[in-house]
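Beneath this line is the structure, given in structure tokens, with notes to follow.
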Amino acid sequence: MQQLQGAAVRNDDLAVMPKIKIPEGMYRRMAECKQKPLIVDQKPRNLFVPGLRPFLRVMSNHLARSSLFAPINSGGGKNTTGSGGENRKKYHTGSLLVSRRDAEIKYWGEQLTEAHADVWMQVIYEAIKHPLGEIFEIKGAQFLSAIGRANGGNDYDWLKKTLLSLHHASLVIEVWQGSKSPSEPRQLKLKIGKSEFGEGDLEAIRLIEKFRYVGATKSFQLSIDTRWHLMYENKEFALIDSQKRMQLKTNIAKALQRLIATSNSVEQRYALESEENGVKGIKEIFQYTGRLRDFSNALKLAISDLKNAKIISDGYLEISTKNKLQIVLKKLISRGQQ
């Protein structure tokens, strides 16, 4: 038999070779490796969104269904938009956001509002014109006009503050293959970032990766992490009519617009309160801390708001077969996904 170059290892040598101690936790990591989430390509690439039109904006379904953006005020004082009680700015430090069972999202940053959602969707709309990962410039006046804001000095300060909040906002995202029941094992589909217990590793993705404001030209230089394209693949996104959104008077109506855009179903039902089987109610998703009665009244106003903007044809509250209060929304499909 032809021998390999170098010293050959005989069978009887194997008995005296030292045993290799497997480090603690290695078996767990080996098991995790069997679940192969999508490999991230960090090279610049364009974000392709089928069906996107000039009046439409886009948001990842998993973000749109979560409590990352909530219909609350952005400052202190009495909250008049329906989040309940006094509105003090809330900060998250690795909080697990309210979301569907197929996504786990940890978040670091201030509680974001519907105003932040408007800016974030416009940033993504601008970023689509450039390869992700590369710096692009936006003009403050044009950007403010695109989201229905004036362009005075206070508006520039507001935009700068809002973009900085999105720059600081950091997430770790895990998406799982859906299971028919909570007792069934799940398969990891996608993972962006890393968050280990205690003093373990931490790696997050920002909503806006790089931020710079140029005072002389009143412009912003931004970049979006290349990994964001993973959240929009396989049509996992909601298309939202920005012109109709600007007609909405209540933040809860804006939150409902984002939520119903994540589904192609014309008639949609959502429980107001979270259920024992793990299904989250919109009261919790919207971070509403007031009474259920007040939330119901706020939803009725939002339904009227959505109907006036021709986003839904009808909407009402009803008692479900589980004897729980739920909202029914009948979506209008006209100029693309609402």
>> Tell me whether the range 65-73 contains one or more residues that are among the basic types (Lys, Arg), within 26 Å of residue 245 (Cα to Cα), modelled with pLDDT of 90 or more and crowded, with 17+ Cβ neighbours inside 10 Å.
In response: yes
>> Going residue by residue through the range 111-134, is there one that turns out to be in a strand (DSSP E or B), over 13 Å from residue 220 (Cβ atoms) and hydrophobic (A, V, I, L, M, F, W, C)?
In response: yes
> All but one of (1) surrounded by fewer than 16 Cβ atoms within 10 Å (Cβ to Cβ); (2) modelled with pLDDT of 95 or more hold for residue 111; which doesn't?
Replying inline: (1)
> Which residue out of 289, 226 is surrounded by 20 or more Cβ atoms within 10 Å (Cβ to Cβ) and not acidic (Asp, Glu)?
Replying inline: 226
> Taking the range 187-218 as the search range and keeping residues that are assigned to a strand (DSSP E or B), at pLDDT 85 or above and not hydrophobic (A, V, I, L, M, F, W, C), which one is farthest from the chain's Cα centre (by Cα)?
Replying inline: 213
> So which of 212, 206 ends up being touching an Asp or Glu at 6+ places or on another chain (Cβ under 8 Å) and of a type in the set (Lys, Arg)?
Replying inline: 206
>> Among the residues of the range 292-334, what is the count of those that are assigned to a loop (DSSP other than H, G, I, E, B), under 17 Å from residue 252 (Cα atoms) and among the aliphatic types (A, V, I, L, M)?
In response: 2
> For the range 151-186, which residues satisfy the criterion of being of a type in the set (D, E, K, R) and modelled with pLDDT under 80?
Replying inline: 180, 184, 186
> Under 8 Å by Cβ, and 6 or more places apart or on different chains, what pairs join a residue from the range 184-197 that is on the phi < 0 side of the Ramachandran plot with one that is in a strand (DSSP E or B) and basic (Lys, Arg)?
Replying inline: 195/106
> What number of residues within the range 219-243 satisfy the criterion of being under 21 Å from the mean Cα position of the chain (by Cα) and in a helix (DSSP H, G or I)?
Replying inline: 11
> Inside the range 301-318, can you point out the residues that are within 18 Å of residue 72 (Cα to Cα) and surrounded by 15 or more Cβ atoms within 10 Å (Cβ to Cβ)?
Replying inline: 302, 303, 305, 306
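The values are calculated or read from the model by the stated rules, or taken from the named source; none is laboratory data. From a predicted model like this one, the values you see are computed outputs, not experimental measurements. Because the Cβ atoms are built from the backbone with ideal geometry, glycine has one as well, and the counts that use them run over all protein chains shown.
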